[in-house]
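Okay, structure first, notes after.
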There are 2 protein chains.
Amino acid sequence: MKPLGRHVLAEIYGCKFDILNDIKKVEKIMVDAALEAGAEVREYVFHKFSPQGVSGVVVISESHLAIHTWPELGYAAVDVFTCGEKVNPWDACNYLTEKFGAEHLTAKETKRGILPEIFTREAVNL
Amino acid sequence: MKPLGRHVLAEIYGCKFDILNDIKKVEKIMVDAALEAGAEVREYVFHKFSPQGVSGVVVISESHLAIHTWPELGYAAVDVFTCGEKVNPWDACNYLTEKFGAEHLTAKETKRGILPEIFTREAVNL
């Protein structure tokens, strides 16, 4: 069976402190990354930590984008999960890397929802 | 350097249709899974798709839990990202598996935020 989705976990290093520590900037860049990748944004929520750091998620029709930032380390942990053919999670990752002024991106893609045959057969018989 | 976080991607199969298709049930189970694992819940947002399926995320002080459900396949794609020593992402995964009445869990853990030395050195010199 074809996977239901693609999930990219991205380690983004050497980012600008002033971007990663600004909840409004991170929120805008994340929503724009979703749109840039061709996704349909449904909901989003972001949280600012004290003294520094931002966490947030954008729920898209095609799944989600999530981020956690450590501005003091110039590091952002990002994950982009997409379903369907329309949206490419790597487009969002590359957009984020550029907008965070990052020096380095390390990322890997995992296929999600490769269902064992026993479960798909049972589902069809529901 | 010690990783900043642990990220578990979980494929949960053979779940009950009526749970996976009910936004309120999925939301409550996800929030309870976070609490069960000892996390501090900050924000959460869930979305119901037509004709079926729920997507949602719980932002916790220690990172996040996210879910996408395919009730017609009895399948839920879950990810649990935690930072620090206090919260064990596997506790949340096991709780979800039980509450979804699932038959099978396949999951793997990825370490997040293993920063290359060049970036930690630069961060210290900020």
Neighbours by Cβ (under 8 Å, 6+ apart or cross-chain): first from the range B:76-105, more than 13 Å from chain A (Cβ to nearest Cβ) and among the small types (Gly, Ala, Ser); second open to solvent by 50 Å² or more (accessible area, probe 1.4 Å) and not in a loop (DSSP other than H, G, I, E, B): B:ALA92/B:GLU36
Hits in the range B:46-56 (condition: open to solvent by 40 Å² or more (accessible area, probe 1.4 Å) and either in contact (Cβ under 8 Å) with a residue 12 or more places away in the chain or in contact with a strand residue (DSSP E or B) (Cβ under 8 Å, 6 or more places away or on another chain) (or both)): B:LYS48, B:GLN52
Flag for A:ARG42 being in contact with a His (Cβ under 6 Å, 6 or more places away or on another chain) and modelled with pLDDT of 95 or more: yes
Looking only at the range A:57-74, and only at residues there that are buried (at least 24 other Cβ atoms within 10 Å of the Cβ), at the interface with chain B (Cβ under 9 Å from one of its Cβ atoms) and not aliphatic (A, V, I, L, M), the one that is farthest from A:ARG6 (Cα to Cα): A:GLY74
Flag if B:THR120 is surrounded by fewer than 17 Cβ atoms within 10 Å (Cβ to Cβ), modelled with pLDDT under 95 and polar (S, T, N, Q): yes
Total residues in the range B:1-19, condition among the hydroxyl-bearing types (Ser, Thr, Tyr) and away from every other protein chain (no Cβ under 11 Å): 0
Search result, residues across the range B:20-45 that are among the hydrophobic types (A, V, I, L, M, F, W, C), open to solvent by less than 50 Å² (accessible area, probe 1.4 Å) and more than 8 Å from chain A (Cβ to nearest Cβ): B:LEU20, B:ILE23, B:VAL26, B:ILE29, B:MET30, B:VAL31, B:ALA33, B:ALA34, B:ALA37, B:ALA39, B:VAL41
Within the range B:62-89, tally of residues that are of a type in the set (Ser, Thr, Tyr) and over 13 Å from the mean Cα position of the chain (by Cα): 1
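The values are calculated or read from the model by the stated rules, or taken from the named source; none is laboratory data. Keep in mind the model is a prediction, meaning the values are calculated, not measured. Cβ coordinates were reconstructed from backbone atoms using ideal geometry, including for glycine residues, and neighbour counts include every protein chain displayed. We work out accessible area using only protein heavy atoms, side chains counted, and drop any ligands, DNA or RNA first. Shrake-Rupley method; radii C 1.70, N 1.55, O 1.52, S 1.80 Å.
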